[in-house]
Amino acid sequence: MKLSDLKIDMSAKLGSGSYGNVYLATYTPNGKKVAVKKLLKNHFTKAKMAKALESEIQIHKKLKHMNIVRLYSHLEDQDYHYLVMEYIPKRNLFSRIHKKEDLTEDKAFWYFIQTLAGVYFLQKKGYIHRDLKPENLLIDDNHFIKICDFGWTVDN
């Protein structure tokens, strides 16, 4: 994957964090929608911060599970790092709770079991997420939980 293969829609911000934003993008060779986390390199000039980003990328690359957002690629240019990830078009769990959407006990239990499956997978791989919260639990079209944001993840 090359940066030139991505058409990032800067008007379609999917989320934001301390070090960058996540945007909707299209992988032009096949038209597939992806999420791109765009991180300003200036935020990673200190060795500790650069190491943390490298760790996030290396860990996330190893995680292939139905309850984990997939990292497809890490790209960079002169000013930014780009993490190209699976696009999950539904909301995160926090927004579902906050908007008081129909969250029955059965649905809540389903999301709980899905989250546990993802956390169990992480634990079996030897990782601790350390930032598990409703904002980092995305819900896909089939109502499967997808854990995201591995910036605080560490080896067990």
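The values are calculated or read from the model by the stated rules, or taken from the named source; none is laboratory data. Computed from a predicted model, the values in this text were never measured in an experiment. All Cβ positions, even for glycine, are placed from backbone atoms using ideal geometry, and neighbour counts span all protein chains on display.
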Strands (runs of 3 or more DSSP E) contained in the stretch 1-108 and holding at least 1 residues in contact with a Lys or Arg (Cβ under 9 Å, 6 or more places away or on another chain) and closer than 16 Å to Lys146 by Cβ: 6-16, 20-27, 71-76, 80-86
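If I filter the stretch 28-50 for residues that are modelled with pLDDT of 90 or more, surrounded by fewer than 17 Cβ atoms within 10 Å (Cβ to Cβ), under 27 Å from Ile128 (Cα atoms) and under 16 Å from the mean Cα position of the chain (by Cα), do I get at least one hit? Explain how you work it out, then say what you get.
Narrowing the stretch 28-50 to residues modelled with pLDDT of 90 or more: 28-41.
From what's left, surrounded by fewer than 17 Cβ atoms within 10 Å (Cβ to Cβ): 28-33, 40-41.
Now narrow it down to the ones that are under 27 Å from Ile128 (Cα atoms): 40-41.
Right, trim to under 16 Å from the mean Cα position of the chain (by Cα) and you get none.
Looking through the stretch 28-50, none of the residues is modelled with pLDDT of 90 or more, surrounded by fewer than 17 Cβ atoms within 10 Å (Cβ to Cβ), under 27 Å from Ile128 (Cα atoms) and under 16 Å from the mean Cα position of the chain (by Cα).
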From the set of residues in the stretch 109-132 that are touching a residue at least 40 places away in the same chain (Cβ under 8 Å) and in a helix (DSSP H, G or I), which is farthest from Ile57 (Cα to Cα)? Gln114
Among the residues of the stretch 92-119, write down those that are exposed (fewer than 15 other Cβ atoms within 10 Å of the Cβ), under 26 Å from Val22 (Cα atoms) and not hydrophobic (A, V, I, L, M, F, W, C). Ser95, His98, Lys99, Lys100, Glu101
